[in-house]
Structure formats: C-alpha cells, structure tokens
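Derivation of every value follows stated rules applied to the coordinates shown; laboratory data play no part. Source: prediction; values computed, not measured. Positions of Cβ are backbone-derived with ideal geometry, glycine not excepted, and every protein chain shown enters the neighbour counts.
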Amino acid sequence: MANAPEFELYETLKAHCGDDWTAYIQHEFVRGLGDGSLPRAAFQYYLRQDYLFLINFARAHALAAFQAETLEDLRQSAKTVSAILDGEMQLHVSFCAGWGVSEPEMAATPEDPANMAYTRYVLERGLAGDALDLAVALAPCIVGYAETARYLMTSPDTVMEGNPYREWIETYAADDYQDVAWGHAAHLDRLLTMRGGPGRMPSLSKTFHDATRLEIGFWQMGLDGAAPA
C-alpha cells in the first residue's frame, strides 16, 4: 500500500484535533476489527446503524453536488454518492445477509441517538454554511475510514487470516476507496482556495473536531448497542 498523500487543509484540521484523532482511528472497536476479537453482535449492530448512516451521508454528498461551483467538484460529489450507494451499502447488505438480517430489516431498524446526532450535524453544517463547511464536516468520515484501514493494514496486531472482518478492512484499504477518500482531501484544498481565508479556520477546525468526536461516538455506539441490558 502506497503512503497516504498529504493535503494542507486536511492535515491542519487533523493536527487541531489532538488526541481525539488517534482515539478515533485506533478506537477499541477498530482494534477489535483488526484482530477479529470484536463481538459479532457489536459489528452487526454497527452494520445496521451504518446502513441508515450511509443513506443520510449520500444525501449530504448530494447536497455537496448541489452546492458545487465547478464541474470538477460536481463530478467528485457524484463519484462519492455512487461509491456510497453502489459500494459501501452493498458491503453492509452482504454482511448482514450472511447473518440472517435482510435489507428491509436494516431499513426498519430504529436509529440510534448517536447516529442521529452525527448525520444531522453534518447536514446542518451543509445547510447553514457553504460547500467548504459541508466538505469539512464530511471529511472525518470519508477520509478517516481510509486512514483507519491503513492503520489496520500496517498494525502488527492485525490478523487477516481467519478474521471475519477481513472483507470490511480490505474494502476500505482498496485503491478504489482510497482514491475517493484522498480525492475528497484534495477537494478541501480547492474549496479553501475559492472560499477560504484566515478568518474561517476557527470555525472549520471546530466543525472537523466536532465531526471527529461524533465518529468516536459512532464506534462506541457499536460496542454499547450490543452490550447486555
């Protein structure tokens, strides 16, 4: 796997997150995926919620397409919507079908409050702000999952042989997903050039940090949702 490219705004926003970024990328849920120790009930709960999450994130990327001012940015947003609807969601459907959970059952799953908090926050940032605000709110998810997969692929604690979550790891480590993710990071720099300025950084940093903390909560939701009452 090639080294991750570097993009100015994305790296700056990550640096402002401090320890929360590491807490996100190396969360207990993530480490359980890597060594295969994550309880299946936790992963199944996560998959049910992530199915609903991805529907709202596809809507957010569709909003980004509406806000696009260039054909290049419109194409990038459309590519991401396609990656979500035609790629990620099918992974979840496939996994859950193997455990006897159908797509209609996933669609009927009640939304966890942590799921609602995250997805509505991202949509709110897009509706209240502009294309740059929305792209920053989306970045911890789309680029963060690429970094999570890279962390797992390089961690000495990761076990691929016999790991029930191997397909999940390899999906986000694959070139097609990595290309979409780092394309979004490049998109941030383009938007900053068009819409940025020194006065925007505090707000953008807060948005990125808030979304990162909501991502931590999403991992934790998987563990808590499967825990015995």
>> So if I restrict to the alpha-carbon atoms in the stretch 56-127, what is the Rg, and what is Dmax, the biggest pairwise distance, in Å?
In response: 14.4, 44
> When the label point is put 7 Å from the Cα of ALA117 along its Cα-to-beta-carbon vector, which residues of the stretch 174-218 have a backbone N closer than 16 Å?
Replying inline: 207-218
> Given 0.36 nm per residue, what is the gain on full extension from MET160 to ALA62 after removing their alpha carbon distance, in nm?
Replying inline: 31.8 nm
>> Suppose R0 equals 25 Å. What FRET efficiency, 1/(1 + (r/R0)^6) with r the Cβ-Cβ distance, do TRP99 and GLN220 give to the nearest 0.05?
In response: 0.70
>> Assuming 0.36 nm per residue, please report the length gained on full extension of the stretch SER37 to ALA128 beyond their Cα-Cα distance.
In response: 28.7 nm
>> Order 113-123, 14-24, 130-140, 192-202 from most to least packed using the mean count of other Cβ atoms within 10 Å.
In response: 130-140, 113-123, 14-24, 192-202
> If you average over every viewing direction, what projected area does the convex hull of the Cα atoms of the stretch 18-225 give, in nm²?
Replying inline: 11.2
> Counting alpha carbon pairs within less than 8 Å and at least 6 residues apart, what relative contact order, in whole percent, applies to the stretch 18-225?
Replying inline: 37
>> Show me the GluC sites (Glu not before Pro) within the stretch 142-175 that DSSP assigns to loop and that have at most 16 other Cβ atoms within 10 Å of their Cβ.
In response: GLU161
>> How high is the relative contact order of the stretch 99-205? Use alpha-carbon pairs under 8 Å, at least six apart in sequence, and give a whole percent.
In response: 29
> Each label point is 7 Å from the Cα along the Cα-to-Cβ direction; what then is the distance between the points at ARG75 and ASP176, in nm?
Replying inline: 1.9
> Rule-of-thumb check for the stretch 167-207: C-alpha Rg over 2.2 N^0.38 Å?
Replying inline: 1.58
> Arranged by the count of other C-beta atoms within 10 angstrom, fewest first, what order do VAL101, VAL180 take?
Replying inline: VAL101, VAL180
> For the stretch 1-120, what mean projected area does the convex hull of the alpha carbons give, in nm²?
Replying inline: 9.6
>> I need the phi-derived Karplus couplings for the stretch 19-33: 6.51 cos²θ - 1.76 cosθ + 1.60, θ = phi - 60°, integer Hz, Gly and Pro marked x.
In response: 5, 5, 5, 5, 4, 6, 5, 10, 4, 3, 4, 5, 5, x, 5
> Using the Cβ atoms and a cut-off under 9 Å, what net charge is assigned to the surroundings of CYS96, where Lys and Arg are +1 and Asp and Glu are -1?
Replying inline: -1
